Amino acid sequence: MTARTLSEIGEFGLIARLAKGIHLQKNIIKGIGDDAAVLPFTKEKHLLFTTDLLCAGVHFSAKENGRLVGRKALACSLSDIAAMGGVATSAVVSIGLPKTCRLRYVEDIYRGMNGLAKEFCVSIVGGDTIQSPCLIVNVALLGEVERSHLVLRSGAKAGDKIFVTGPLGRSFPTKKHLSFTPRLSEARKLVQSFKPSAMIDISDGLAADLGHILQESEKSAILDVTSIPLSKDATLDNALFDGEDFELLFTTSAGVAKKLFGQNALKVFCIGEIVRGPRKLFLRDNRGYLKALKPKGYTHF
Ligand SMILES: [Mg+2]
């Protein structure tokens, strides 16, 4: 048998392989397979734990403004805590730097990160610095969530409505991927008043991230083409496949969805519904015709 390459199995094939048989103590509530791990904490709350690794030339241009790079490094992890319905608390930051990197640039990265940390009341409590052939930034972030407010990817039910918190597509050319506001306050409003059944943040693209909800919930979905909110100049394909929008994608029962339609406090867009059946994704056009869609999106390999 020939050795398989990473590009053959893809990022999620790789994660599935590595996760197989990985050691997990019995008290872990949710390990690999959601936006953050869920760990035992207090009587009322769970602890959330997530990490994101950013690399120059992959997640941002090597010439990018340092403040925006630092901001993005923390914002990606904040977005994952939001997707669990939680509140972020403290982070450790590790950074790999080429020898030639200017001190001013490194300080800018930390300034960008610190500004966002202040905004969301997150303490930066440690980390590591190493020399590296390319610039890499890793943020590991802790958060907490009331047990009753925890939202996993696995809770979507047939008949639920699907929502997003904002327009999608062209995050890279518009630089939204660097300057987005993590949807933490929206997530808190949602879990406190609207009980989402499943939630994820859109990092890999609407099609791929909805695919993760379908995978974990063992359901299928129909997206209404005309209801998907598009960013300026974005096409439907941009919205489905570009990724790094960092909007929340969530599902709620039809009853809760009605309450969401009738309120003004939270801007959300209903884009489709969850249906029975094993992990298939369909697009419905304006004449009601269905077309199967592959849940592809941004892939790292
Ligand atoms: Mg995520």
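Every number here is computed from the coordinates shown, using simple stated rules; none is lab data. Note that this is a predicted model, so its numbers are computed, not measured. Don't worry about glycine lacking a Cβ; one is built from the backbone with ideal geometry, like all the others, and counts go over all protein chains shown.
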message: For the chain, take every pair of Cα atoms, bin their distances at 20 Å starting from 0, and report each bin as a whole percent.
response: 33, 59, 8
Farthest positive-ward along the chain dipole, Cα basis, beta-carbon charges - from Val125, Met113, Val225: Val225
- line: For the chain, the charge dipole (Cβ of Lys, Arg +1; Cβ of Asp, Glu -1; about the Cα centre) points to a positive end, and the Cα of Leu150, Leu260, Val139 closest to that extreme belongs to Leu260
query: When DSSP beta bridges are limited to those with both residues in the chain, what percentage is antiparallel, rounded to the nearest 5?
result: 75 percent
- prompt: Share of antiparallel DSSP beta bridges in segment 66-141, in percent to the nearest 5?
  reply: 45 percent
- prompt: What size of dipole, in debye to the nearest 20, comes out for the chain about its Cα centre when the only charges are +1 on Lys and Arg C-beta atoms and -1 on Asp and Glu C-beta atoms?
  reply: 340 debye
- prompt: Hey, which aspartates and glutamates would be in cross-link range of Lys99, C-alpha to C-alpha under 16 Å, not counting anything within fewer than 8 residues on its own chain?
  reply: Glu107, Asp128
- request: Give the residues of segment 211-228 whose amide nitrogen is closer than 14 Å to a point set 7 Å from the Cα of Phe282 in the direction of its Cβ.
  value: 220-225
message: Averaged across orientations, what area in nm² does the convex hull of the alpha carbons in segment 94-163 project?
response: 7.8 nm²
query: Taking Cα atoms, how many degrees apart are the long axis of helix 206-217 and the longest axis of the chain, rounded to 10 and kept between 0 and 90?
result: 70 degrees
message: How big is the dipole moment of segment 151-293 about its Cα centre under a simple scheme where the beta carbon of each Lys and Arg is +1, that of each Asp and Glu is -1, and everything else is neutral? Debye, nearest 20, please.
response: 500 debye
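In the P(r) worked out for segment 128-219, what percent of Cα pairs fall beyond 17 Å?
Looking at segment 128-219, the distances longer than 17 Å represent 62 percent of pairs.
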field: Using θ = phi - 60° and Karplus 6.51 cos²θ - 1.76 cosθ + 1.60, couplings along segment 39-49 (whole Hz; Gly, Pro as x)
entry: 10, x, 9, 10, 4, 9, 10, 9, 9, 10, 9
task: Please list, or write none, the lysines whose alpha carbon is within less than 17 Å of the alpha carbon of Lys161, excluding same-chain residues fewer than 8 places away.
output: Lys195, Lys219, Lys258, Lys259, Lys267, Lys280
query: What percent do you get for the relative contact order of the chain when only Cα pairs under 8 Å and 6+ apart count?
result: 21 percent
- prompt: Which translational diffusion coefficient, to the nearest whole µm²/s, is obtained for segment 151-293 from the Stokes-Einstein equation, given a Kirkwood hydrodynamic radius over C-alpha pairs, 37 °C and 0.692 mPa s?
  reply: 220 µm²/s
message: How large is the Rg to Rh ratio of segment 36-142 when both quantities use alpha carbon positions and Rh follows Kirkwood?
response: 1.00
- line: For Lys72, counting only lysines whose alpha-carbon sits under 22 Å away and dropping same-chain residues fewer than eight positions off, the answer is Lys63, Lys118, Lys175, Lys176, Lys232
